[in-house]
Amino acid sequence: MSTPRQILVTGANGQLGTELARLAWPDGFEVVALGRDALDLSDPAALAAKVAEHPWAAVINAAAYTAVDKAESDQVAAWTVNALAPAALAAACAAAGVPIVQVSTDYVFAGDRAGAWQVDDPVAPLGVYGASKLGGELAVRTSGARHAIVRTAWVVSAHGNNFVRTMLRVAPNNPVLRVVDDQSGSPTGAADLAQALATIAVRLAEDADAPVGTFHFSNEGAVTWAGFARAIFAQSGLRGGPVADVTPIATADYPTPARRPANSLLSTATLTAAYGIVPRPWDAALADILDELIGTRI
């Protein structure tokens, strides 16, 4: 049997890295997923050395500084992880002839109009997190490496810190929860995103003419945070899990250090055209997450 081609994944301990590591990869491919204890994202030389030490089939940069509010006062750390690390990885990939898949975010957009954001719409991040992720995009885009930049939004899973787990954690002690109802987007199951990234990475590894550029992936359908919370509790209740009533509030009633886009809806049409990836509805992804966290429906 031939030796599997290896794909380097950063951010092994995050939601996305976890799902990439446990994904059923196609025959002939396997993942080497490294966390920050094994790969120092603040050390460009270490990142370059890791890319150079092995004939990787592709690199997926799933690592990110995602503490949106903390980033406003922790700018150096946010820019180091979200911009300088991708720059170092992409430069090393260009030198080695290795394709790179860079994960980015809806926060590169201002979120100030209706309709789904297209990949070529003007970017205008509202805070440090979005600006640093945009810096990472620009670094990868200008590195000379074959690349796919994949923007996503509202990532949730059965592990890590995310909205689904937060709602289930706070509900038992809070029968009524106040949740923002004037920000909308598409929740994205980390497992679904991982599958999309794997499809792209394998294609880039196997096909020198595979589509490159910027793409969007999220699950299908739009909802507000309050609507998402209601759906979480509706499905949780069917499984005998925590439930709570949801009171809708305005963003202004829940001030945070960082501004959030009011509209995070991403158009996935370009990704579907390039790679044939058709996202499923977000409530189906939510059901799988709750099956894992609570159990199947009663």
Practice task
Rounded to the nearest 10 degrees, what's the angle between the helix 225-238 long axis and the longest principal axis of the chain, both from Cα atoms, 0 to 90?
Solution key: 80 degrees
Handout entry: Under Karplus coefficients 6.51, -1.76 and 1.60, residue-wise ³J(HN,Hα) of region 182-198 in Hz, glycine/proline x
Key = 10, 10, 10, x, 10, x, 10, x, 4, 5, 5, 4, 4, 4, 5, 5, 5
Handout entry: Long-range amide H partners of residue 156 with built H, under 5 Å
Key = 188, 189, 190
Exercise for the section: List every residue whose amide H lies under 5 Å from the amide H of residue 265, counting only residues 5 or more places away in sequence or on a different chain, with H placed 1.01 Å from N in the peptide plane. Expected result: 117
Exercise for the section: Of all alpha-carbon pairs in region 73-126, indicate the percentage at a distance above 14 angstrom. Expected result: 65 percent
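Can you tell me the relative contact order of region 1-86? Whole percent, Cα pairs under 8 Å, sequence separation 6 or more.
The value is 36 percent.
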Problem - Antiparallel bridge percentage (DSSP; both residues within the chain; nearest 5) - result: 5 percent
Fill in the blank from the handout: The ³J(HN,Hα) series, computed from each phi in region 173-178 with the Karplus coefficients 6.51, -1.76 and 1.60 at θ = phi - 60°, rounded to the nearest Hz and given as x for glycine or proline, is 9, 9, x, 10, 10, 8
Practice task
Starting with the highest mean, order 234-246, 167-179, 194-206 by the number of other Cβ atoms within 10 Å, averaged over the residues of each peptide.
Solution key: 194-206, 234-246, 167-179
Fill in the blank from the handout: The answer for residue 12, listing residues at least 5 apart or on another chain whose modeled amide H is closer than 5 Å to its amide H, is 34, 35, 36
Handout entry: Rounded to 5, percent antiparallel among DSSP beta bridges of region 128-252
Key = 15 percent
Handout entry: P(r), alpha carbons of region 228-298 - 10 Å bins starting at zero, rounded %
Key = 16, 30, 32, 21, 1
Completion exercise
Volume per residue (Å³) of the convex hull spanned by the alpha carbons of region 20-137 is 135 Å³
Exercise for the section: Mind checking which of 184, 238, 139 is farthest towards the positive end of the chain's charge dipole, using Cβ charges of +1 (Lys, Arg) and -1 (Asp, Glu) about the Cα centre? Expected result: 238
Fill in the blank from the handout: To the nearest 10 degrees, the tilt of helix 128-141 (Cα long axis) against the first principal axis of the alpha carbons of the chain is 30 degrees
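Find the relative contact order for region 33-189 and round it to a whole percent, using C-alpha pairs within less than 8 Å whose residues are 6+ positions apart. Numbers along the way, then the final one.
Values: 222 pairs, mean separation 36.4, N = 157.
Contact order relative to length: 23 percent.
Gain in length, residue 166 to residue 251, computed as 0.36 nm per residue apart minus the alpha-carbon separation, to one decimal in nm? Can you show the working numbers first?
Working: separation 85, 0.36 × 85 = 30.60 nm, distance 1.82 nm.
Extending this stretch completely gives an extra 28.8 nm.
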Fill in the blank from the handout: Sequence order, region 240-255: Karplus ³J(HN,Hα) from phi using 6.51 cos²θ - 1.76 cosθ + 1.60, θ = phi - 60°, Hz rounded, Gly and Pro as x, gives x, x, x, 9, 7, 7, 10, 9, x, 9, 8, 3, 4, 8, 9, x
Practice task
Specify the inter-centroid distance of region 117-192 and region 235-264, based on alpha-carbon positions, in whole Å.
Solution key: 15 Å
Practice task
Please state, rounded to one decimal and in Å, the Kirkwood hydrodynamic radius that the chain gives when every pair of distinct Cα atoms enters the mean of 1/r.
Solution key: 19.6 Å
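Since every read-out is calculated from the coordinates, none of them should be taken as a lab result. Predicted model only: the values in this text are computed from it and were never measured. Reconstructed Cβ throughout: ideal geometry from the backbone, glycine too, with neighbour counts over all protein chains shown.
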